[in-house]
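Note sheet for the following structure.
The values are calculated or read from the model by the stated rules, or taken from the named source; none is laboratory data. What you are looking at is a predicted structure, and each value in this text was computed from that prediction instead of being measured. Cβ coordinates were reconstructed from backbone atoms using ideal geometry, including for glycine residues, and neighbour counts include every protein chain displayed. Calculation scope for accessible area: heavy atoms of the full protein, side chains included, ligands and nucleic acids excluded. Shrake-Rupley method; radii C 1.70, N 1.55, O 1.52, S 1.80 Å.
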Amino acid sequence: MLILLPPSERKEAPRRRGRPARFEKLSFPQLHSTREIVREVLAEVSASPQAYTRFGLSAAHSAEVDLNTRQHALNAIPVEELYTGTLYDVLDPLGLTPHGRRRARTWVVVLSALHGALRLRDRVPPYRLSIGTRLPGLPPLASVWRPALERVLPVAVGGGMVLDARSGGYAAMWTPPPVVAPVWVHIQVPGASHMAKKTRGEVVRAVCSTVAPPPEKATEVLEIVQGALSRTHHIELHPASSRTRPWVLSVVPRNLR
């Protein structure tokens, strides 16, 4: 099973103690050369006078942009602690039971504009880059990563299910083909609000926390999520419209209906 998550713009602050990242030791080492290219271009852009315009930020974010120029020097942080946005605050990987934490560390892959794909135990420094940012001399970042991810993520799926909590540009980085993932379930929550991110975190936490065997069918995911969230959410499962489209798990907080 593979659970696909987007990253978060909010990240843990740089740490004064620790050790720098060993980028060559990250999960999916086949992505290393692409990671090096993106990181080099990002550092150059971040050091330029046009940096804030490129990232759509103001000078108030100078400390965040500066992180991009010091990736090899900054102390690395485990991914399960690095992202601190709403989805990750709710998922709370380190707050899971030991059983749930093992499942999350085995199943979850975070799609990253800078690193391509990361496991929760990988250690990287904080950075500022979203999938919609255009870096000079490179195609759109989703296009940069797509061919590389097409080589490594099928192996990570291992013929099992893909539970997809991505949205927006991160969903464009990789599409699970039927031959790789016979069952692909997309978590659909209305909007891109705080509540939508919170709900995705709740769904992923419920799936990682179950003591049942890993789900192999979309209906088994539905049963897990209904058992955990039916009192507070309206939950429906819609079949895939074609072999190349996902099943859709619609999870709507009842206070939004």
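Between region 209-257 and region 145-186, what is the C-alpha centre distance in whole Å?
18 Å
Mind jotting down a quarter of the surface of the convex hull over the alpha carbons of region 122-257, in square nanometres, one decimal?
Taking a quarter of the hull surface, the average projection is 9.9 nm².
If you average the sequence gap of Cα pairs under 8 Å that are 6 or more apart and divide by the length of the chain, what percent do you get for the contact order?
23 percent.
Multiply the residue separation of GLU150 and ASP89 by 0.36 nm, subtract the distance between their alpha-carbon atoms, and state the gained length in nm to one decimal.
Extending this stretch completely gives an extra 19.0 nm.
Does region 172-226 come out rounded, prolate or oblate by the C-alpha gyration tensor, with a ≥ b ≥ c the root eigenvalues, rounded set by a/c under 1.5 and, if not, prolate when a/b is larger than b/c and oblate if not?
It comes out oblate by the Cα gyration axes.
Would you look at the GNM of the chain, springs on alpha carbons closer than 10 Å, and say which of THR232, THR219, THR86 moves the most?
In this elastic network of the chain, the residue with the biggest mean-square fluctuation among THR232, THR219, THR86 is THR232.
For MET195 and ALA172, what is the calculated FRET efficiency with R₀ set at 22 Å and r taken between the beta-carbons, to the nearest 0.05?
The value I calculate is 0.40.
Principal axis lengths of region 26-110 from Cα atoms, whole Å, largest first?
48, 32, 20
Can you tell me the equivalent ellipsoid semi-axes for region 1-76? Use √(5λ) from the Cα gyration tensor, largest first, whole Å.
23, 16, 15
Could you look at the chain and say what percent of its accessible area is carbon and sulfur, using a 1.4 Å probe and all protein chains?
Roughly 52 percent, rounded to a whole number.
Round to the nearest 0.05 the FRET efficiency obtained for ALA63 and GLU223 when R0 = 41 Å and r is the Cβ-Cβ distance.
0.35
Find which of LEU141, GLY227, PRO215 sits farthest along the positive direction of the dipole of region 115-257, computed with +1 on the beta-carbon of Lys and Arg, -1 on that of Asp and Glu, about the Cα centre.
Looking along the dipole axis, the top candidate is LEU141.
In a GNM of the chain with a 10 Å cut-off on Cα contacts, which of PRO239, PRO29, PRO213 has the highest mean-square fluctuation?
PRO213
What is the antiparallel percent of DSSP beta bridges lying wholly in the chain, to the nearest 5?
Given both bridge residues lie in the chain, the antiparallel proportion sits at roughly 50 percent.
Per residue and in Å³, how big is the convex hull formed by the alpha-carbon atoms of region 92-142?
Hull volume normalised by residue count: 91 Å³.
Under 16 Å Cα to Cα from LYS197, which lysines show up? Leave out anything in the same chain fewer than 8 places away.
List returned: LYS11.
Run the quick spin-label model on ARG102 and ALA240: label points 7 Å from Cα toward the beta carbon, then report their separation in nm to one decimal.
3.0 nm
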